[in-house]
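Q: Just passing along the structure, written as structure tokens.
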Amino acid sequence: MKKLYTLIAVCFTVLVNAQIVSFNPRTGDLDMDNVLKDINTKAQTDIKAFKDQVSTKFNLAKDKIEGLLNVMAPGDVFMVAQTAEITHKPVEAVANTYKKNKDKGWGAIAKELGIKPGSKEFHELKNKTKEHKGKSKDKGKPEGKGKTEKPKGKKK
């Protein structure tokens, strides 16, 4: 029986790690891809906090978020919600477009939803997603590189 529990734990760990490694948003912007990968990784370590955050940020019901999580990675759920907000389209419409075009990446999905490269909406999508990077940092870690700046001025 102990071997069975160990085998289940190993399989679960492999599946979770495979999901983290295989998530590739392909937005066409390396920084944005890295933010989404970070969101995805953190969500998989604390899915409840992720659901709470997405629910609050985008005013989505948690059961709708859970439904999306059944068919896509957390990073994609975040992008669906962010894209829906910017395009003023229902989350379901964006999710359906994602499902049809997910192999092409988020750049193609955004284009399909009417977000043209270089447009105001395009920059808004990139900026709002990248903004999340600063907000997703661990609150216990100090900002900066660990050095404190000495006050400038004359010594007495």
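Every number here is computed from the coordinates shown, using simple stated rules; none is lab data. This is a predicted model, so every value here is computed, not measured. Virtual Cβ from ideal backbone geometry, glycine too; neighbours counted across all protein chains shown.
Q: Which ³J(HN,Hα) values in Hz, rounded to whole numbers, follow from the phi angles of region 82-88 under the Karplus curve 6.51 cos²θ - 1.76 cosθ + 1.60, where θ = phi - 60° and Gly and Pro get x?
A: Once rounded to whole Hz, the list reads 5, 5, 4, 4, 6, 8, 6.
Q: In whole Hz and in residue order, list the ³J(HN,Hα) couplings for region 60-67 that follow from phi through the Karplus curve 6.51 cos²θ - 1.76 cosθ + 1.60, θ = phi - 60°; x for Gly and Pro.
A: Result, rounded to whole Hz: 10, 5, 5, 5, 5, 5, 4, x.
Q: What ranking, highest mean first, results for peptides 96-107, 28-39 when packing means the other Cβ atoms within 10 Å averaged over each residue? Display every interim value, and only then the final one.
A: Numbers: 96-107: 16.0, 28-39: 18.2.
Ranking the peptides 96-107, 28-39 by packing returns 28-39, 96-107.
Q: Hey, another quick one. What is the distance, in nm, between label points placed 7 Å from the Cα along the Cα-to-Cβ direction at K89 and at D38?
A: 2.7 nm
Q: Mind listing the phi-derived Karplus ³J(HN,Hα) values for region 52-58, rounded to whole Hz, using 6.51, -1.76 and 1.60 with θ = phi - 60°, and x for any glycine or proline?
A: My calculation for region 52-58 gives 4, 5, 5, 4, 6, 5, 10 Hz in order.
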